[in-house]
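Each reported figure results from applying straightforward, stated rules to the coordinates on display, with no laboratory input. Keep in mind the model is a prediction, meaning the values are calculated, not measured. Cβ sites come from the backbone with ideal geometry, for glycine too, and all protein chains shown count toward neighbours.
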Amino acid sequence: MIETFFGLAQLGHTDGKGVPYPLQLALSSREFSDVIVFRSPPLAVQRAIFGTLAPLARWRGYRATYPQLSRVMLAPPAFSQRSPAPHHNRS
């Protein structure tokens, strides 16, 4: 969730306070409901509003998370030790 919100802010996809737009919030709040509940409006109202907006958000191309915003995806590739090629015995 944090990667998504920070990534969206870096790309300018948030309001002036850094808060994602309502359609994005609808999907993110549902995806991360086990770790985040907004203080306002009340939870029942959030669920009703975001539940209504979520299908519209998906239809408009929004996603709850974006792999391209992940620090794992943005990190430079690590040097990998290549294993030796398999040895084939020819008889």
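Spin-label model, Ala48 to Ser70: label points 7 Å out along the Cα-to-beta-carbon direction sit 3.7 nm apart.
Any idea how far apart Arg30 and Ala9 come out in nm if each label point goes 7 Å out from Cα toward Cβ? Spacing of the two 7 Å Cα→Cβ label points: 2.5 nm.
In order along segment 32-44, the phi-based Karplus estimate (6.51 cos²θ - 1.76 cosθ + 1.60, θ = phi - 60°) of 3J(HN,Hα) comes to 10, 4, 7, 10, 9, 9, 6, 5, 8, x, x, 3, 4 Hz; Gly and Pro are listed as x.
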